[in-house]
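**Q** Handing you this structure, nothing more for now.
The values are calculated or read from the model by the stated rules, or taken from the named source; none is laboratory data. Keep in mind that this is a model prediction, so the values were computed, not measured. Because the Cβ atoms are built from the backbone with ideal geometry, glycine has one as well, and the counts that use them run over all protein chains shown.
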Amino acid sequence: MSRITLSNLAHSYLANPTSDADYALKEMDHVWQDGGAYALLGASGCGKTTLLNIISGLVRPSQGRVLFGDRDVTDAATTERNIAQVFQFPVVYDTMTVRDNLAFPLRNRGMDAAYIAKRVGQIAQMIGMEDILNRKAQGLTADAKQKISLGRGMVREDVNAILFDEPLTVIDPHMKWELRTQLKDLHREFGHTMIYVTHDQTEALTFAQKVVVMHEGRVVQMGTPEELFETPAHTFVGYFIGSPGMNLLNAEISGSEALLGGVSVPLGAAYGQTTGRTQIGIRPDYVTISDQGLPVTVKRVEDVGRHRIVRAEFQGQPLNAILPEGMTIPSDPRVAFAAGKINVYANDWRVAPPENGRGA
Amino acid sequence: MRIRSSAIVMTVYLMFLLIPIYWLINMSLKTNTEITSTFTLWPQNFTLQNYVTILTDPSWYMGYVNSLIYVTMNVVISLTVALPAAYAFSRYNFMGDKHLFFWLLTNRMAPPAVFALPFFQLYSSVGLFDTHIAIALAHCLFNVPLAVWILEGFMRGVPKEIDETAYIDGYSFGRFFVRIFMPLIASGIGVAAFFCFMFSWVELLLSRTLATVNAKSIAATMTRTVSASGMDWGVLAAAGVLTLVPGALVIYFVRNYIAKGFALGRV
Amino acid sequence: MEKTQNNKAWFLVLPVLVLVAFSAILPLMTVVNYAFNDTFGNNEFFWAGLDWFEDQITSDRLHDALGRQILFSLIILAIEVPLGIFIALNMPKSGFWASFCLVLMALPLLIPFNVVGTIWQIFGRVDIGLLGHTLAALGIDYNYTNDPLDAWITVVIMDVWHWTSLVALLCYAGLQSIPQAYYQAAKIDQATRWSVFRYIELPKMKGVLLIAVLLRFMDSFMIYTEPFVLTGGGPGNSTTFLSIDLAKMATGQFDLGPAAAFSIMYFLVILLISWVFYTAMTNLDREENR
């Protein structure tokens, strides 16, 4: 097991990429710590799978290096890298029994029979398949097959990392939760580096210690779930994480105040001069509706159970707020923002307040 | 490494396929004297005379016309009857369906030699001997089962919900079938037509048995010329080359569907 | 797919039924009629019972033709199936070269059978053919019109030339349906090339391969035109396969009774083999859809 370093990495599927847009992955430097549980989160087509395949060696990057520990494996074949990968759709060897499927990676590496039998037994117990070990994999349901794939990914104890490419897509919701919990347990028990690709924020936030958010071929932020929520480094992170996403309002920044079309809002910290398109971002959770503050027009109210989501408009820009249970909307609704929770963005990237770093 | 070795394999295999065809083309562009007197890898006295002979002599070129007529008839008839039948097999259970399907398939497996003589007598007795339709109908014996088989495979891939939605939207069966269903299996129809064309175009035994003059196929014309006029190799080769043309054209048009068609239609 | 029970579906099948019945059942009845009767022309028939069948079953001529036929079919299957798989594995997966190979490979399939015969007739001749000439120049004594072994080799190579592409195209179609993830997973599992073939590619090709074997077996069992043009069944009777023998008997010698009995037995053998294949195939379908 080792640390995985991506140095100066970029990839394009074209032979002669000319513009930035030709790159599926834009230049990046990134380190995955040994033993971490990471989630790689992003919308479809943002380059998550490409990044994963570069780590596993199925795709060779157009530029940059991949290092496992101190060893440069950029040109090493998949087999030499000793990693495991689970794919979006179940990959099982139809003509083999469940037992042979699980044993396959071990047999190919020439492990001894007793060890294989023991290890297959453990994995089968974990994925709940001891009863059907002798059945042919053909004809099993999609989620049973995917469990076999997961099992095959985890059967080797000495892997450098286990990569998951949206592995729970075909699993039904109740099983999803169970399998995710099992994966977390496994991580605790064996300490493998795990990288888990998903476009589902709940999956990412519940599985991982660190979530890596990708957008248009770039890693825009790596952080704990809390960091992603409180201080999104990029407007995409703000928008993609949270339900609904962060509100973004065009503003002018003047010291510790933001001017929203002439109305002043305190920021809780003083900022320097910003350039380009300036916006402030505030989570709907930190917007309170009362009869004081900025005037808004309420468009719609959605009841989602524990609270309600108010879809409103402020100066023609959409603004969402969470209304806790028991609260009512006044006839002349106004909103206020929790000062410390406002983030400032210039050209979509977060501007950190100069003094205390975190803005609050 | 793997890419290079497979490129070598493919090159060798394609050479194996193409060299005999090249030799035929080579022959067709030589004079008979050159063919029999010297051995040359390409024509020394390049001539198109062999082709001129064929294209100006009705007893030659009518062979192509006749073949194309009965092949076209066969493709149209086969598809017309196979489409509804394939739909029935893909959508419904009905009395005796499995036996019927198997019986149809066995006809694809019937040796033409078994049927040659009875066909001759049957078509003679109903006055269809030496007509295009007789050959087209005879070829239906092999092509209809095949077309049903291929189309059934494609139709199974179309979800039944589409039928049901169309009926709920008030489509009649006929309109649904032609306007909605057929476009969905267009590639399947293409593949079935390709196979019908193929088997009808290449078949010799029945087409030779069932026609003497008016509907005589090019294949039959070729075999008879061999025995009649001795060995006119140049003309024979040219006639052979011309039979490749329709096939090559058909392949060119369906080239993007060949592999896909094979897969979806199971055949 | 769940099918509904509907006997009205018979109406959709009716056109096929009428057409095939006209083309198959009526002629078949004629054959049966001939098989059990003797005729001296003028539409006068005498009941011959099973005589023709006994004649044929005990005839050396039939035994020889049948033996040659089975040998031929087995040889070409043994060559074409592995070769077809091998070619399919080596074909480009996509892009220009894939279409290029597909088009060229499909070409022999669309050549009229007699032209296939003609091509090899010319190609193999010692005086004017590239193959014959080259072999002669290399000092190999080759003449397919005189030497039975040479004739056999030529007929087999011709069939391989003609039909291997069909097997290859079917297998290629099977291979195309394998998602990329399978190959990637195999790499990660450190599977050998052989394991990839054995556990991923072969199972996916199983269905199409069965069809390929069925088609090739049937068609080779009925082969007529190509060897007829190439060798005319000779030298001697060395390349006289069942269909050639049958056609000789029926249209050449007008021995209608024996020919008809021969036809019926020929047909029954084929029917039996088709049934075995068909059962195997439907079982396979069921297994896959379970």
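**Q** Just wondering, is there one or more residues in the range A:342-359 that are modelled with pLDDT under 85 and touching a strand residue (DSSP E or B) at 6+ places or on another chain (Cβ under 6 Å)?
**A** No, the conditions are met nowhere in the range A:342-359.
**Q** Look through the range B:3-31, keep the residues that are under 16 Å from B:Y51 (Cβ atoms) and within 7 Å of chain C (Cβ to nearest Cβ), and return whichever of them is modelled with the highest pLDDT.
**A** The qualifying residue modelled with the highest pLDDT is B:L24.
**Q** Tell me the helices (runs of 4 or more DSSP H) entirely within the range B:74-173 that contain at least 3 residues that are without any contact (Cβ under 8 Å) to a residue 24 or more places away in the chain. Step through it out loud before you land on a result.
**A** Working: elements: B:97-108, B:112-125, B:132-156, B:160-168.
Passing ranges, in order: B:97-108, B:112-125, B:160-168.
**Q** C:K93 passes all but one of (1) touching a residue at least 40 places away in the same chain (Cβ under 8 Å); (2) surrounded by 16 or more Cβ atoms within 10 Å (Cβ to Cβ); which number fails?
**A** All conditions are met except number (2).
**Q** Mind checking whether some residue in the range C:79-91 is at pLDDT 85 or above and within 29 Å of B:A138 (Cβ to Cβ)?
**A** Filtering the range C:79-91 down to residues at pLDDT 85 or above leaves C:79-91.
With the extra rule that they be within 29 Å of B:A138 (Cβ to Cβ), the set shrinks to C:80.
Checked against the condition, which is being at pLDDT 85 or above and within 29 Å of B:A138 (Cβ to Cβ), the range C:79-91 yields at least one hit.
**Q** What number of residues within the range A:221-258 are part of a strand (DSSP E or B) and within 20 Å of A:T274 (Cα to Cα)?
**A** Here the count works out to 10.
**Q** Here's another thing I want to ask about it. Among the listed residues B:T72, B:T38, identify the single one that is closer than 24 Å to B:N214 by Cα and either outside the structural domain of B:W201 (by TED's automatic domain parsing) or among the hydroxyl-bearing types (S, T, Y) (or both).
**A** After ruling out the rest, the residue left standing is B:T72.
**Q** Look at the range A:1-43 and say how many of its residues are in a loop (DSSP other than H, G, I, E, B) and touching a residue at least 60 places away in the same chain (Cβ under 8 Å).
**A** So the count comes out to 11.
**Q** Take the residues in the range A:52-71 that are more than 14 Å from every other protein chain (Cβ to nearest Cβ), outside any strand (DSSP E or B) and crowded, with 16+ Cβ neighbours inside 10 Å; name whichever of them is farthest from the chain's Cα centre (by Cα). Spell out the reasoning first.
**A** Applying the first criterion (more than 14 Å from every other protein chain (Cβ to nearest Cβ)) to the range A:52-71 yields A:61-71.
Next cut, outside any strand (DSSP E or B) only: A:61-62, A:69-70.
With crowded, with 16+ Cβ neighbours inside 10 Å added as a condition, the list becomes A:61-62.
Working: A:P61: 22, A:S62: 24 Å.
Restricting to residues being more than 14 Å from every other protein chain (Cβ to nearest Cβ), outside any strand (DSSP E or B) and crowded, with 16+ Cβ neighbours inside 10 Å, the top hit is A:S62.
**Q** A:H234 passes all but one of (1) buried (at least 17 other Cβ atoms within 10 Å of the Cβ); (2) of a type outside the set (F, W, Y); (3) within 22 Å of A:L323 (Cα to Cα); which number fails?
**A** Status for A:H234: all satisfied but (3).
**Q** Sticking with this one: Hey, C:L74 hits all of (1) facing another protein chain (nearest Cβ under 10 Å); (2) at pLDDT 85 or above; (3) closer than 30 Å to B:V12 by Cβ but one; which does it fall short on?
**A** With (1) facing another protein chain (nearest Cβ under 10 Å); (2) at pLDDT 85 or above; (3) closer than 30 Å to B:V12 by Cβ applied to C:L74, the lone miss is (1).
**Q** Of all residues in the range A:72-98, which are polar (S, T, N, Q), closer than 18 Å to A:D158 by Cβ and surrounded by fewer than 18 Cβ atoms within 10 Å (Cβ to Cβ)?
**A** If the condition is that a residue be polar (S, T, N, Q), closer than 18 Å to A:D158 by Cβ and surrounded by fewer than 18 Cβ atoms within 10 Å (Cβ to Cβ), then A:T79 is the only one that fits.
**Q** On the basis of being part of a helix (DSSP H, G or I), β-branched (V, I, T) and at pLDDT below 70, does B:T243 make the cut? Reasoning before the result, please.
**A** Numbers: part of a helix (DSSP H, G or I): yes; β-branched (V, I, T): yes; at pLDDT below 70: no.
Spelling it out, it is not the case that B:T243 is part of a helix (DSSP H, G or I), β-branched (V, I, T) and at pLDDT below 70.
**Q** Quickly run through the range C:77-127 and pick out the residues that are within 7 Å of chain B (Cβ to nearest Cβ), among the aliphatic types (A, V, I, L, M) and in a loop (DSSP other than H, G, I, E, B).
**A** Correct list: C:M91, C:I111.
**Q** Considering only the range C:40-59, I want to know if a residue exists there that is modelled with pLDDT of 80 or more and away from chain B (no Cβ under 13 Å).
**A** Checked against the condition, which is being modelled with pLDDT of 80 or more and away from chain B (no Cβ under 13 Å), the range C:40-59 yields no hits at all.
**Q** Now for a separate question. Does C:T154 satisfy the condition of being buried (at least 20 other Cβ atoms within 10 Å of the Cβ), in contact (Cβ under 8 Å) with a residue 40 or more places away in the chain and of a type in the set (V, I, T)?
**A** Yes; evaluated as a whole, the condition is true for this residue.
**Q** Being in contact with a helix residue (DSSP H, G or I) (Cβ under 9 Å, 6 or more places away or on another chain) and assigned to a strand (DSSP E or B): is that true of A:V120 here? Spell out how you get there, then give the answer.
**A** Details: in contact with a helix residue (DSSP H, G or I) (Cβ under 9 Å, 6 or more places away or on another chain): yes; assigned to a strand (DSSP E or B): no.
In short, no.
**Q** Can you work out which of the residues in the range A:123-149 that are assigned to a helix (DSSP H, G or I) and of a type in the set (G, A, S) is farthest from the other protein chains (Cβ to nearest Cβ)?
**A** If we take residues in the range A:123-149 being assigned to a helix (DSSP H, G or I) and of a type in the set (G, A, S), then A:A124 is farthest from the other protein chains (Cβ to nearest Cβ).
**Q** Do we find that B:A220 is of a type in the set (G, A, S), modelled with pLDDT under 85 and in a helix (DSSP H, G or I) in this structure?
**A** The answer is yes for B:A220.
**Q** Let me ask something additional. Kindly establish whether A:T297 is farther than 20 Å from A:G340 by Cβ and touching a strand residue (DSSP E or B) at 6+ places or on another chain (Cβ under 8 Å).
**A** Criteria met by A:T297.
**Q** Additional query: Taking the range C:129-146, which residues are crowded, with 22+ Cβ neighbours inside 10 Å and at the interface with chain B (Cβ under 8 Å from one of its Cβ atoms)?
**A** Once the filter is applied, which keeps residues that are crowded, with 22+ Cβ neighbours inside 10 Å and at the interface with chain B (Cβ under 8 Å from one of its Cβ atoms), the range C:129-146 yields only C:G129.
**Q** Please determine whether any residue of the range A:121-144 is within 19 Å of C:Q184 (Cβ to Cβ) and in the same structural domain as A:F190 (by TED's automatic domain parsing).
**A** Scanning the range A:121-144, I find at least one residue that is within 19 Å of C:Q184 (Cβ to Cβ) and in the same structural domain as A:F190 (by TED's automatic domain parsing), so the answer is yes.
**Q** Let me ask you something else. For the structure I just gave you, tell me whether C:A247 is crowded, with 19+ Cβ neighbours inside 10 Å, small (G, A, S) and either under 21 Å from the mean Cα position of the chain (by Cα) or facing chain B (nearest Cβ under 9 Å) (or both).
**A** In short, yes.
**Q** Check C:F228, C:F241 and return the single one that is over 30 Å from A:D158 (Cα atoms), facing another protein chain (nearest Cβ under 9 Å) and in contact (Cβ under 8 Å) with a residue 24 or more places away in the chain. Break it down stepwise before answering.
**A** Numbers: C:F241 fails: facing another protein chain (nearest Cβ under 9 Å).
The conditions single out C:F228.
**Q** Can you give me the number of residues within the range C:161-212 that are of a type in the set (V, I, T) and more than 10 Å from chain B (Cβ to nearest Cβ)?
**A** Qualifying residue count for the region: 6.
**Q** Here is a further query. Do you know which residues across the range A:87-114 are part of a loop (DSSP other than H, G, I, E, B) and either facing another protein chain (nearest Cβ under 7 Å) or more than 29 Å from A:D172 (Cα to Cα) (or both)?
**A** Passing the criteria: A:F87, A:F89, A:V91, A:Y93, A:D94, A:T95, A:M96, A:R109, A:G110, A:M111, A:D112.
**Q** Can you pull out every residue in the range A:113-128 that is at pLDDT below 85, among the hydrophobic types (A, V, I, L, M, F, W, C) and within 16 Å of A:P90 (Cβ to Cβ)?
**A** A:I127
**Q** Also, I was wondering about something else. Given the conditions (1) more than 30 Å from the chain's Cα centre (by Cα); (2) touching a residue at least 40 places away in the same chain (Cβ under 8 Å), which single one is not true for C:C171?
**A** (1)
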